[in-house]
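First up is the structure itself, then whatever we jot down about it.
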Amino acid sequence: LLPDPAGSLVPIIFGVGMVCASELSFNWLGFLSAMFSNLTFGFRAVLSKKTMSDVKDLGSTALYAYTTVISVVLCAPLALIMEGQALPAGVQAAVAKLGWAKFSTYLFSVGLFYHLYNQFAFNTLQRVNPVSHGVCNVVKRIIIIGSSVVFFGNVLTTKTIIGTVIALAGTALYTELQSKRKHG
């Protein structure tokens, strides 16, 4: 009898929590926003998987395209209402600091990487269950931590390193238990 893979989620949650709590710039509003983001990510993954299962002719690329259009319809008016007055001044300040070429390159790159991230996420979700998809996202967190060290010079504390190792070990354990459950 194999152990339930759900038990391996505990070290993942503990490790990620340990990393978050040891962050020097930790604040509760940021933490709660991240938790809300994780909650909506989970809902999106489960509902997307259900939609792809229920609607046989709707693949991951088409579903992502539709959700992107819906997102633009929902977010563009809100962005204009919330940021509308400040948007031109913000763009001018960014262009003054970076120059038009660098500013537009950054903006294009962020948009491209965001699109690719979501496209790959939907393609992956079509092939795995939502829990496996979420567990795989732990690796994304580790990449973000590593990138912050490389690009911003953030220092990894002992707690951050230990939390990262615990979360990765939990991820490996989950993957192994899922594989054994699936194959035997």
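The values are calculated or read from the model by the stated rules, or taken from the named source; none is laboratory data. It should be emphasised that the depicted structure is a prediction, and the values quoted were computed from it without experimental measurement. In this analysis, Cβ positions are derived from the backbone assuming ideal geometry, glycine residues included, and neighbour counts consider all displayed protein chains. All accessible areas refer to the heavy atoms of the entire protein, side chains included, with ligands and DNA or RNA removed. Shrake-Rupley method; radii C 1.70, N 1.55, O 1.52, S 1.80 Å.
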Segment 43-173: C-alpha gyration tensor shape, a/c 1.5 cut-off, then a/b vs b/c: oblate
Solvent-accessible heavy-atom area per residue, rounded to whole Å², over segment 47-86 at 1.4 Å: 76
Take every Cα pair under 8 Å in the chain that's 6+ residues apart, average their separations, divide by the length, and report that relative contact order as a whole percent. 56
Working from Cα positions, state the angle (0 to 90°, nearest 10) between the long axis of helix 100-127 and the longest principal axis of the chain. 30
Need one word for segment 18-99: rounded, prolate or oblate. Basis is the Cα gyration tensor (sqrt eigenvalues a ≥ b ≥ c); a/c below 1.5 gives rounded, then a/b vs b/c decides. oblate
Expressed as a whole percentage, what fraction of the accessible surface of segment 113-171 belongs to carbon and sulfur atoms when a 1.4 Å probe is rolled over the protein heavy atoms? 75
Ranked from highest to lowest mean number of other Cβ atoms within 10 Å per residue, what is the order of the peptides 159-171, 106-118? 159-171, 106-118
